[in-house]
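Student: One structure, pasted below without further comment.
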Amino acid sequence: MESEFQKYELIEQYLSGTLKGEALNDFNAMLSNDPKFQKEIALHKDIEIGLMEQEDIPFIKTLNEIYENESAMSSTEKTKEIYIGESIEHPQKSEPGKPKTIVRYLKIVAAVAAILFAGIFINQFFKQSLSPIALSEKWIGEPLEQSSLRNQTTRNERLNNAYKEMESKNYEGAIKMLLDIYENKMDLPGSGLALGYAYIQNSQHKEASEIFNQLLKKTNLKNSDQINWYLAHSYLRNKQFSQSIAVLENMLSNPSVTPKKKEEAKVLMEAIRKQFL
Amino acid sequence: MHEDYRYIEALLENDHKLLNEMYQKFLPRIEAMVRSNSGTKDEAFDIFQEALIIIYRKAKQMGFELTSKFYTYLYGICRNLWLKKLGKVKTEPLIKPPEEEYSNIDLTEEAMEDEKRYQLYQEKMLELSEDCQKIISLRLKKTKLKDIANLMGYKNENTATQKHFKCKKQLVKLIQGDDRYRS
């Protein structure tokens, strides 16, 4: 037992890079002469890699930032394209001597500016004046979130049927189906998240937070950010405001959460503080 | 060393400049493949990111060597992931691999095999007690044993070390005892 434990300690030190100097030389010598030991080390290293969580991979955050920035830039480019396209589409309409093109330009510029200002104003208005519950309903009740849930589905027929029930807003029916999948330990990706989501939509917020907490205990979650986001909403709707804030704070300090989601988390957190705490 | 190894280093070292280059250079081509096979822009990005994670993990393995162009490798994995998502793995490929983009099948298949093995590790991890799962996860995040002892309410660092030793031993035993690992 003791030698087994010593070997474990050596492997741990080697894998963490803390084995140095003579101890490392001895270890390497042992490794080169013992194929069985080589195999053992390779397995330990492989397990370490295989159990690595996505949020622990540094480049993911960078890549998400690039994606967010590019998406934001490409939507700005689209606005420009519409404006430029409009101005050169009917050049024949401008008569010589009458600066109609300039007028058209000015009209378009004024319209775009008005839309932009209105957009900013509405956005700020919603950010500042919507209650936390209204924000929650706005953000997790919208079809986009449902489709992002759907993206995680497998081709499992039962899970797809549950999604169809959710789409037709039969949340009770969906819960029955999803519970059956979830409780029978069918580890289908997305089934737990969908169950929690259906609970929220069916106003069973306590059950929703229980499911999300169960999911978060699992390791190697690929969608822990999304689970945390829903957990914060289920706490909020169950009037557990401090717990909701704690989850949102956790999201804000997590590098794997996208900037867009962080912004939403911040707004929601401020709204909860303002209204309830 | 292959000249494209710099992309591997970029993943390992989180090199912002090169990651941006990879994004600009490779994602549009992956996106074209995904979109022409009933996918969306967001799905293309998910596949791209997932493939990079697979390559990152592969690169962390002992003795990893890049023997083809980085894009060849990336495209092969993306293609496999997308086919898997479409549920077309066992049938005739919907997406025909262009020769120049998909010449190194071995490396790609190897990476996909790795993923199956990692899936097994994850499954076995879930068979451990909650405490064991937590302590192994914390150690993988490089949490100090002293801090683990505090977090888990153990008496001291030694107790945490002993507990981690036992949990890891159990995990290795579970993995080695599975037929899929042995085959």
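Student: Looking at (1) within 8 Å of chain A (Cβ to nearest Cβ); (2) at pLDDT 90 or above, which is the only condition B:Asp147 fails?
Tutor: So the condition that B:Asp147 fails would be (1).
Student: Only residues that are of a type in the set (A, V, I, L, M, F, W, C), surrounded by fewer than 19 Cβ atoms within 10 Å (Cβ to Cβ) and in a helix (DSSP H, G or I): list them for segment B:112-139, please.
Tutor: Let us first name the residues in segment B:112-139 that are of a type in the set (A, V, I, L, M, F, W, C), namely B:112, B:120, B:125-126, B:128, B:132, B:135-136, B:138.
If we keep only those that are surrounded by fewer than 19 Cβ atoms within 10 Å (Cβ to Cβ) as well, we get B:112, B:120, B:126, B:128, B:132, B:138.
Once the filter is applied, which keeps residues that are of a type in the set (A, V, I, L, M, F, W, C), surrounded by fewer than 19 Cβ atoms within 10 Å (Cβ to Cβ) and in a helix (DSSP H, G or I), segment B:112-139 yields B:Met112, B:Leu120, B:Leu126, B:Cys132, B:Leu138.
Student: Here is a follow-up. Among the numbered conditions (1) in contact with a helix residue (DSSP H, G or I) (Cβ under 6 Å, 6 or more places away or on another chain); (2) more than 9 Å from chain A (Cβ to nearest Cβ); (3) modelled with pLDDT of 80 or more, tell me where B:Thr161 comes up short.
Tutor: (2)
Student: Here's another thing I want to ask about it. May I ask you to verify whether A:Ser203 is of a type outside the set (Val, Ile, Thr) and surrounded by fewer than 17 Cβ atoms within 10 Å (Cβ to Cβ)? Walk me through how you get there before you give the answer.
Tutor: Working: of a type outside the set (Val, Ile, Thr): yes; surrounded by fewer than 17 Cβ atoms within 10 Å (Cβ to Cβ): yes.
The answer is yes for A:Ser203.
Student: Follow-up. Every residue in segment B:34-74 that is more than 9 Å from every other protein chain (Cβ to nearest Cβ) and within 15 Å of the chain's Cα centre (by Cα), please.
Tutor: B:Ile47, B:Ala51, B:Ile54, B:Ile55, B:Ala59, B:Phe64, B:Tyr73, B:Leu74
Student: Quick check: anything in segment B:17-32 part of a helix (DSSP H, G or I), surrounded by fewer than 17 Cβ atoms within 10 Å (Cβ to Cβ), away from chain A (no Cβ under 11 Å) and of a type in the set (A, V, I, L, M)?
Tutor: Within segment B:17-32, one or more residues are part of a helix (DSSP H, G or I), surrounded by fewer than 17 Cβ atoms within 10 Å (Cβ to Cβ), away from chain A (no Cβ under 11 Å) and of a type in the set (A, V, I, L, M).
Student: Restricting to segment A:47-75, count the residues that are among the charged types (D, E, K, R), over 18 Å from B:Met125 (Cβ atoms) and either free of Cβ contacts under 8 Å to residues at least 60 places away in the same chain or part of a loop (DSSP other than H, G, I, E, B) (or both).
Tutor: Final tally of qualifying residues: 1.
Student: Something else about it: Out of all the residues in segment B:115-141, which are among the hydroxyl-bearing types (Ser, Thr, Tyr) and facing another protein chain (nearest Cβ under 8 Å)? Working first, answer last.
Tutor: Our first condition is that a residue be among the hydroxyl-bearing types (Ser, Thr, Tyr); within segment B:115-141, this holds for B:118, B:121, B:129, B:137.
Matches in segment B:115-141: B:Tyr118, B:Tyr121, B:Ser137.
Student: Hey, could you check segment A:1-22 for residues that are assigned to a helix (DSSP H, G or I) and in contact with a Leu (Cβ under 8 Å, 6 or more places away or on another chain) and say which is surrounded by the fewest Cβ atoms within 10 Å (Cβ to Cβ)?
Tutor: Within segment A:1-22, the subset assigned to a helix (DSSP H, G or I) is A:2-16, A:21-22.
With in contact with a Leu (Cβ under 8 Å, 6 or more places away or on another chain) added as a condition, the list becomes A:10, A:13-14.
Values: A:Leu10: 17, A:Gln13: 15, A:Tyr14: 18.
Residue satisfying both the conditions and the ranking: A:Gln13.
Student: For segment A:249-263: of the residues being buried (at least 19 other Cβ atoms within 10 Å of the Cβ) and modelled with pLDDT under 85, which is nearest to A:His233 (Cα to Cα)? Step through it out loud before you land on a result.
Tutor: As a first pass, look at segment A:249-263 and keep what is buried (at least 19 other Cβ atoms within 10 Å of the Cβ): A:251, A:257, A:261.
Remaining after also requiring modelled with pLDDT under 85: A:257, A:261.
Values: A:Val257: 16, A:Lys261: 13 Å.
Per the stated criteria, the residue is A:Lys261.
Student: From the set of residues in segment A:244-266 that are touching a residue at least 12 places away in the same chain (Cβ under 8 Å) and over 14 Å from the mean Cα position of the chain (by Cα), which is nearest to the other protein chains (Cβ to nearest Cβ)? Write out each step before concluding.
Tutor: Applying the first criterion (touching a residue at least 12 places away in the same chain (Cβ under 8 Å)) to segment A:244-266 yields A:244-245, A:247-252, A:254-261, A:264-266.
So of that shortlist, the ones also over 14 Å from the mean Cα position of the chain (by Cα) come out as A:244-245, A:249, A:266.
Numbers: A:Ser244: 23, A:Ile245: 21, A:Glu249: 18, A:Lys266: 23 Å.
Checking each candidate, the answer is A:Glu249.
Student: So if I check each of A:Asn213, A:Asn228, which one is within 14 Å of chain B (Cβ to nearest Cβ) and of a type outside the set (A, V, I, L, M, F, W, C)? Give the steps one after another, and end with the answer.
Tutor: Numbers: A:Asn228 fails: within 14 Å of chain B (Cβ to nearest Cβ).
Exactly one residue qualifies, and that residue is A:Asn213.
The values are calculated or read from the model by the stated rules, or taken from the named source; none is laboratory data. Source: prediction; values computed, not measured. Cβ sites come from the backbone with ideal geometry, for glycine too, and all protein chains shown count toward neighbours.
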